[in-house]
Amino acid sequence: MNKFSKIVLASLAILGAQACTDLEENLVGEITNDVSVPVSDLVDPGNGDFFDPGAQPLGQLAGAFSELRNTGTANHGNYYSIQEIPTDEMVIAAKGGDWFDGGILIQLHQHTYTPTHSFIENAWNGSYTAINTVNELLAGGTLDANATAQATALRAYFYWRLMDSFGSVKIPTAPGQDPPQVSRQEVFNFVESELLRAIGVSEITAGMDLSSSDLATTNNPYQINVYGALGILAKVYLNAEVYTGTPRWQEAADAASLIIDSGVYSLCDNGCSVPNKGKRVGVDSDPEMLEGYAAVFAPNNGGNPEHIFTIDYDEVNGTGMNFSQMNLHYSSQVTWNLQSQPWNGYATLEEFYNSYEDGDVRKANNFAAGEQLDAKGLDILDFATDDEDGIVLNYTPAINELQPNSIRQAGARATKFSFRQFGRDNMSNDYPIVRLGDVILMRGEALARQAGNWNLSLPDVNMIRARAKVADLSSIDAEGFLAERGREMFQESSRRTDLIRFDAYNRAWWEKPASDATRNIFPIPINQITVSNGTLTQNPGY
């Protein structure tokens, strides 16, 4: 057993390269004294995973799959930011000079982003860097059939990100290529054909035989098996009408059903649990185990039975997940005894937080709200607070304003990907790209849309609600389904795409006026247009 002595918090927040400046935070607390934790928890922060990810090496594909982390899937200033901040899920409000950052975060929230926006350019560059890495791998000619199929599907996934975010892009398929820009329809056709080629079929039909695929059917979420490729393809088909004008609901439902009916995966529910790495020794209400939905996203969630294709984050060897730093108030460092002081950035919009019913286990898991306690169970005192209601750290769901002086404690904070005691500034939670809960909802939506009857989604919706410990619904409409999907998929970078598919992305919400439909795709970065010598054309409206 190790003993941890008292460490006084720094007086300034330690921020990442894209984070805010001009902080004036004073002493807010102390790391808990005399806390005992097993040595194994320190040496192996993933202790208690569902299986050992080290037993499944990626070999030649390791560099290509690492691009999933390098492209900002779970950190600030890149892909995650441009998928979450423009939605009704999250906001980064300006707290005086803290987090204003030249107004670029407000631009994302209010849909006034421009071709010079650095986060948008980072997402563009990251995707093409990843694609180039895969292209070089495929051009090397050393991959076997399975690795070739995986690399093909992975590249298609990155092109799906580009198609979804930017619409009309270039499709280089070999190193050094500079092909012409093509339409969104052509990008869709390419992504579809590549995924079908990886799966080894010419089309997706209900109950089809997949045994001849070069992709494996065994469960390894750190690689792309046949079900991971089907999950990506289901996302492509679910949004086909947005991308091409032609719906592909039946194919989306069939792809999802092939995954569900395989029996390889199961919802993590009662009895599906891992040790609670974030348990505070002084808080009796913190459970010893995280069960069901909470276990899907825990620090030790590796190999969860619901995971189909995930990103293998590790706080030492696979960095890039920074949610504890991005979301939490500086003072919350003493709740989890974090090694670095958080940045106090991302918060949840009040209306989205209130969309959860009381008793919904997802609400308790996904958010920190109300007065906060340290690891001993004592109130956290923030002596530099700008909240007139008191000095106890209190995450109020209501946020007073977007700018210029948002209260620093305002807004429930995302804790879905939960934190561990003595965590580093990078986290080890695996991040799902495709998981069964998502696939079940995709099937329900596709079947409902295909038949023109939203009630046909109820069996799948109620399956997800049962896991969340809330009552079945007897009827549902499009708005109700969108809300259900939002509650389940919070913080998984799907909300922007979902809002667009439901024609809801351009609505007005808190501190955001209604926006034009041209904002459904991001502008192509001006720097890319400048160096393209006229081969890239800007998207309409920019």
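Based on what the data block shows, is Thr142 of a type in the set (Val, Ile, Thr), surrounded by fewer than 19 Cβ atoms within 10 Å (Cβ to Cβ), within 25 Å of Asp178 (Cα to Cα) and touching a Pro at 6+ places or on another chain (Cβ under 9 Å)?
Criteria not met by Thr142.
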Being over 30 Å from Arg420 (Cβ atoms), touching a strand residue (DSSP E or B) at 6+ places or on another chain (Cβ under 9 Å) and not acidic (Asp, Glu) is the requirement here; does Ala252 meet it? no
Helices (runs of 4 or more DSSP H) wholly inside the stretch 95-207 that include at least 2 residues being of a type in the set (Phe, Trp, Tyr): 118-139, 145-166, 184-199
Is one or more of the residues making up the stretch 215-236 of a type outside the set (Phe, Trp, Tyr) and under 20 Å from Ser168 (Cβ atoms)? yes
In contact with a helix residue (DSSP H, G or I) (Cβ under 8 Å, 6 or more places away or on another chain), under 30 Å from Thr217 (Cα atoms) and at pLDDT 95 or above: is that true of Gly126 in this structure? yes
Which numbered condition in (1) under 25 Å from Ala74 (Cα atoms); (2) free of Cβ contacts under 8 Å to residues at least 40 places away in the same chain is the only one that Tyr265 fails? (2)
Residue hits (the stretch 399-454; within 30 Å of Tyr227 (Cα to Cα) and of a type in the set (S, T, N, Q)) are Thr415, Ser418, Asn426, Ser428, Asn429, Gln450, Asn453
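Check Glu121, Glu84 and return the single one that is within 13 Å of Met326 (Cα to Cα) and of a type in the set (D, E, K, R).
Working: Glu121 fails: within 13 Å of Met326 (Cα to Cα).
Just a single option satisfies the conditions, and that option is Glu84.
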Report yes if Ala466 is among the small types (Gly, Ala, Ser), under 24 Å from the mean Cα position of the chain (by Cα) and in a loop (DSSP other than H, G, I, E, B), otherwise no. no
Mind checking which residues of the stretch 300-311 are within 13 Å of the chain's Cα centre (by Cα) and of a type outside the set (A, V, I, L, M, F, W, C)? Thr310
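Being in contact with a helix residue (DSSP H, G or I) (Cβ under 7 Å, 6 or more places away or on another chain), at positive phi and surrounded by fewer than 23 Cβ atoms within 10 Å (Cβ to Cβ) narrows it down to one of Gly167, Gly200, Gly207, Gly176, so name that one. First the steps, then the outcome.
Numbers: Gly200 fails: in contact with a helix residue (DSSP H, G or I) (Cβ under 7 Å, 6 or more places away or on another chain); Gly207 fails: in contact with a helix residue (DSSP H, G or I) (Cβ under 7 Å, 6 or more places away or on another chain); Gly176 fails: in contact with a helix residue (DSSP H, G or I) (Cβ under 7 Å, 6 or more places away or on another chain).
Just one listed residue meets the conditions, Gly167.
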Within the stretch 442-460, is there a residue that is outside any helix (DSSP H, G or I), touching a residue at least 60 places away in the same chain (Cβ under 8 Å) and either closer than 27 Å to Trp249 by Cβ or among the charged types (D, E, K, R) (or both)? no
Sole exception among (1) closer than 26 Å to Phe522 by Cβ; (2) part of a loop (DSSP other than H, G, I, E, B); (3) in contact with a strand residue (DSSP E or B) (Cβ under 8 Å, 6 or more places away or on another chain) for Gly231, by number: (2)
Condition first: over 20 Å from Gly437 (Cβ atoms) and either in contact with an Asp or Glu (Cβ under 7 Å, 6 or more places away or on another chain) or assigned to a helix (DSSP H, G or I) (or both). Now tell me which residues in the stretch 479-510 satisfy that. Glu479, Ile500, Asn506, Trp509, Trp510
So is His76 over 24 Å from Leu328 (Cβ atoms) and either under 14 Å from the mean Cα position of the chain (by Cα) or not aliphatic (A, V, I, L, M) (or both) or not? no
Matching residues, the stretch 274-310, being surrounded by 23 or more Cβ atoms within 10 Å (Cβ to Cβ) and of a type in the set (D, E, K, R): Lys277, Glu306
Restricted to the stretch 311-336, and to residues that are surrounded by fewer than 24 Cβ atoms within 10 Å (Cβ to Cβ) and either out of contact with any Gly (no Cβ under 8 Å at 6 or more places or on another chain) or among the β-branched types (Val, Ile, Thr) (or both), which residue is nearest to Phe422 (Cα to Cα)? Val316
Of all residues in the stretch 339-374, which are closer than 16 Å to Val283 by Cβ and surrounded by fewer than 24 Cβ atoms within 10 Å (Cβ to Cβ)? Ala364, Asn365, Ala368, Ala369, Gly370, Glu371, Gln372, Leu373
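The values are calculated or read from the model by the stated rules, or taken from the named source; none is laboratory data. Because the structure is predicted, anything quoted here is derived from the model rather than measured. Every residue, glycine as well, gets a Cβ built from its backbone with ideal geometry; the counts of neighbours run over all protein chains shown.
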